[in-house]
1. Which of the residues belonging to region 279-299 are out of contact with any Leu (no Cβ under 8 Å at 6 or more places or on another chain), open to solvent by less than 50 Å² (accessible area, probe 1.4 Å) and either within 21 Å of Leu572 (Cβ to Cβ) or at pLDDT 80 or above (or both)?
2. May I ask you to say which residue of Thr474, Thr450 is within 26 Å of Leu507 (Cβ to Cβ), of a type in the set (Ser, Thr, Tyr) and either in a helix (DSSP H, G or I) or in contact (Cβ under 8 Å) with a residue 40 or more places away in the chain (or both)?
3. Considering only region 301-312, how many residues are part of a helix (DSSP H, G or I) and open to solvent by 20 Å² or more (accessible area, probe 1.4 Å)?
4. Looking at region 93-109 only, could you name the residues that are under 15 Å from Met191 (Cβ atoms), of a type in the set (A, V, I, L, M, F, W, C) and crowded, with 19+ Cβ neighbours inside 10 Å?
5. Which pairs turn up if I take residues in region 61-79 that are among the acidic types (Asp, Glu) and look for partners that are open to solvent by less than 60 Å² (accessible area, probe 1.4 Å) with beta carbon separation below 9 Å, at least 6 apart in sequence or on another chain?
6. Name the single residue, out of those in region 25-47 being of a type outside the set (A, V, I, L, M) and surrounded by 13 or more Cβ atoms within 10 Å (Cβ to Cβ), that is farthest from the chain's Cα centre (by Cα).
7. In region 52-74, what count of residues is obtained for those that are closer than 16 Å to Pro36 by Cβ, open to solvent by less than 50 Å² (accessible area, probe 1.4 Å) and part of a loop (DSSP other than H, G, I, E, B)?
8. Tell me, yes or no, whether region 482-489 has at least one residue that is of a type outside the set (A, V, I, L, M, F, W, C), open to solvent by 30 Å² or more (accessible area, probe 1.4 Å), over 30 Å from Ala422 (Cβ atoms) and without any contact (Cβ under 8 Å) to a residue 24 or more places away in the chain.
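The values are calculated or read from the model by the stated rules, or taken from the named source; none is laboratory data. Note that this is a predicted model, so its numbers are computed, not measured. In this analysis, Cβ positions are derived from the backbone assuming ideal geometry, glycine residues included, and neighbour counts consider all displayed protein chains. Protein only, heavy atoms only, side chains kept; ligands, DNA and RNA dropped before computing areas. Shrake-Rupley method; radii C 1.70, N 1.55, O 1.52, S 1.80 Å.
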Amino acid sequence: MGIEANGAVRGALSNWDRQRIPTAWLYALLAVGLLPLSLILVRLLALHSPGLSMATAVGDWLNQYLTLQWVGFEDRDVILYILLLPVAALLIALTRLTLGIRVLGFRSILIAIGMQENGVVPCLLLILLIAGTVVLVRPSMRRSGMPLYARVAVVLCVVSFVMLGALFTGAWLDSVTLWSMAFFPLVILAMLAESIADTVARDGLAMAAWRTTTTIVLAGVIAGLNQLTPLRELLLSCPELLLAPLVAIVFVSEFLDMRLLEGFRPGANPGRVQSARPQLAVVRNRFPEASPRRLAEQVPKRYRQASLQALIDELRDRDYDVQVLECDSSLPSKLRSLANAAFRPHAAGLCVLNYAGGVQGASRLSQVPMICEILGIPHTGPGAEAGVLRASRPQQLDELRAAGLRVPVAISYQQARRFLQAGSGFLSVRSSGHVDRGATRVGNARRLKTVCDRMAGAGEGYLIERIPAGQAVTAIVLNPEAADAARVLPLLERGSGRQPFRREADLTSECRAAAVSAALCAARALQCCDVARVDLYCNESREVTVVRVLAVDPLAERSASGVAAALGGLSLADVAEQAMQSALARASLATASHPVGQPAINTPSTDNDNRSSEPCLTSASSAML
């Protein structure tokens, strides 16, 4: 078990003390739940003690009109599906809420229908084919970077081919079992394939196998109940019994929400203490429409195009409970729900791994840190007050210049036209707002006008800068806030095709040391934490120009952070785990009354306030990193 049994019981019993429904409503629901039993007694009274009393008259009316015994035998199975639906829902509620066993939603009901329509053996064989297809096809699809919906669609197509093959094979071999597989309801098949693929992507293969198994067992129980003749006849004779499971579900959620096996995670290493590992919430940008109303300042595409699945899989392989959250308008409520469960007694806490560029608006980069600080949740990356998040492009350049660093020179539109007309080189046009937007390279006056007009038409300010002389390199700085633990990973240069970054190989050792020193100094000047990306230009005279500093770089396999980590001998999970430990340490220092992993409001430390005033490392000292 992932948690101790006595701790689980104490946590479950503590749920009895809470009451989410007013007492008056509970008594009213209890009366509604007892009403079907009273009506059954009246029915029995009318059958065994006929008379002219009011009770027997009501019973006779119920037995004559409020019954489904008149339904023909050829249609009774369909009617019984409807009558058994509340009973099946009650079983699923007991399994999930009381026992804490995870299942694939309400797919048990659909699988039970498939078992009754096609038989148990064909149903189990088809589910095995779906699970096997997901396991075999998923690695290659994940390496290709396909999104979840595309992967599910591929799985459906492959399984349809298998079903068609079963149809032909069953006809050739005269096998009823194989023939029946081809007539499994397609709606059930589609929903089941989607659930299995989504569970494998979110929780890993072992958990997907466990949830699929429990779903099949629960489906078998539901199908078995449908074959009980006394229960079938009772529901047809007394359809008012549907009220009883409805009331029972409410009482289960109110008084039996114990989740006894909630901490059981198949595939986890039993030698590790699960309670010592906080739950991780990976916040990312996946979909463009993140808010009901769209503003001009949107999240750049690079956040949505980065696939974090490799990182999520590595963290789950290390027995972390990882939840993936979309950075949209629903993020505060989702984080609050996770925090309520993660910060209760005997839980290990919660930490947010922030790889999102916010939702929208001028302050979007600081939105995720601000939400975390309001809820008291530790998070990776700088706090909402850090200069790297709140500064516009001109402000960031001013802060870098004040730290003694070389920055690009901004020129006016007329100066840019004269520069291009003279054929002096290339210019870059950048957004004057957030620094995480890329630059557009222009080489002639016509292109300059087109780019500037497009940005102005979108209501976005722009800056025209001269492209510095030298080679463009990218540095990934780990733990820049730490005086002794800071590290600069191997420098990168731009690649091509499926390898957007590669190891830099052309700089001299002196230029490389100067670039490392400037990258660390820039990250500290802008109060970066955990992981920072610094884009630089370095010429032969060892003059380094800091072009851009990013506080959030998605930790993907082909991103700058992922490639640099691999070159530095670190896995994606290693980098994320170091960032998580730093975030938990900052939270514990911010409020010393809370232990590590417990909720704490992050407050800026004195080290962060003085970081921009620290002297830059020399070339000699930076070469030792």
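1. Correct list: Asn285 only.
2. The conditions single out Thr474.
3. 5
4. Val103, Leu104, Ile109
5. Note: pairs meeting the criteria are Asp77/Gln116; Asp77/Asn226.
6. Ranking the qualifying residues of region 25-47, first place goes to Arg43.
7. 2
8. Yes, that holds for at least one residue.
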